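Enquirer: Input: one structure, supplied below.
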Amino acid sequence: MKGRKFLKVTGILMIIGAAFGIIGGIIAIIGVGAMAAVLETSAGGLMFASVLILASAVFQLIAGIMGVKNCDKPEKAQSCLVMGIIVAILSVAGNVTSSVLGSSFNITSYVTGLVIPVLYIIGAVKNRETA
């Protein structure tokens, strides 16, 4: 039962974070597009980062919904585990992209971006063990 609570709570937190991420991703895409149009230049790297933010938030939303919906179903824990791993990979990819585009390397950003996905993965593993 402990995995069920882990999965449900982290799923809810992922849904909340995803909502902010989707809004931020849309604003970033619009902002980069407007900046590229005004400056008449290519903003490929920034556009890639903006799309990555949006895609990551969408995967996070899907994972969160799956976690909340399937927290009582240990047989669905494997799919939650896969989604948690995808969200964690996208979090790392976003931080790497940020570093490549000129932001300084910040270990705190990596750690905070991975806390909820890792807890979600732990919840999925514990939930799978109850099956």
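The values are calculated or read from the model by the stated rules, or taken from the named source; none is laboratory data. Computed from a predicted structure; not experimentally measured. Positions of Cβ are backbone-derived with ideal geometry, glycine not excepted, and every protein chain shown enters the neighbour counts. Areas reflect the complete protein model, heavy atoms only, side chains present, ligands, DNA and RNA absent. Shrake-Rupley method; radii C 1.70, N 1.55, O 1.52, S 1.80 Å.
Enquirer: Read through the list (1) part of a helix (DSSP H, G or I); (2) of a type outside the set (Phe, Trp, Tyr); (3) free of Cβ contacts under 8 Å to residues at least 60 places away in the same chain, then give the number of the only condition that Pro117 fails.
Expert: Tallying (1) part of a helix (DSSP H, G or I); (2) of a type outside the set (Phe, Trp, Tyr); (3) free of Cβ contacts under 8 Å to residues at least 60 places away in the same chain, Pro117 fails exactly one: (3).
Enquirer: Checking Val82 against (1) open to solvent by 50 Å² or more (accessible area, probe 1.4 Å); (2) closer than 17 Å to Val9 by Cβ; (3) modelled with pLDDT of 90 or more, which single condition isn't satisfied?
Expert: Every listed condition holds for Val82 apart from (2).
Enquirer: Kindly list the number of the only condition in (1) more than 15 Å from Gln60 (Cα to Cα); (2) without any contact (Cβ under 8 Å) to a residue 60 or more places away in the chain; (3) part of a helix (DSSP H, G or I) that fails for Arg128.
Expert: Arg128 satisfies all of (1) more than 15 Å from Gln60 (Cα to Cα); (2) without any contact (Cβ under 8 Å) to a residue 60 or more places away in the chain; (3) part of a helix (DSSP H, G or I) except (2).
Enquirer: Additional query: Within the group Gly3, Gly44, which residue is within 16 Å of Lys126 (Cα to Cα), at pLDDT below 90 and open to solvent by less than 80 Å² (accessible area, probe 1.4 Å)?
Expert: Going through Gly3, Gly44 in turn, just one is within 16 Å of Lys126 (Cα to Cα), at pLDDT below 90 and open to solvent by less than 80 Å² (accessible area, probe 1.4 Å): Gly3.
Enquirer: Does Val87 satisfy the condition of being hydrophobic (A, V, I, L, M, F, W, C), under 14 Å from Ile116 (Cβ atoms) and touching a Ser or Thr at 6+ places or on another chain (Cβ under 8 Å)?
Expert: Criteria met by Val87.
Let's see how each residue does on (1) in contact (Cβ under 8 Å) with a residue 60 or more places away in the chain; (2) within 18 Å of Phe20 (Cα to Cα):
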| site | (1), (2) |
| --- | --- |
| Val38 | no, no |
| Ser56 | no, yes |
| Phe59 | no, yes |
| Asn70 | yes, no |
| Val82 | no, no |
| Val111 | no, no |
| Gly123 | yes, no |
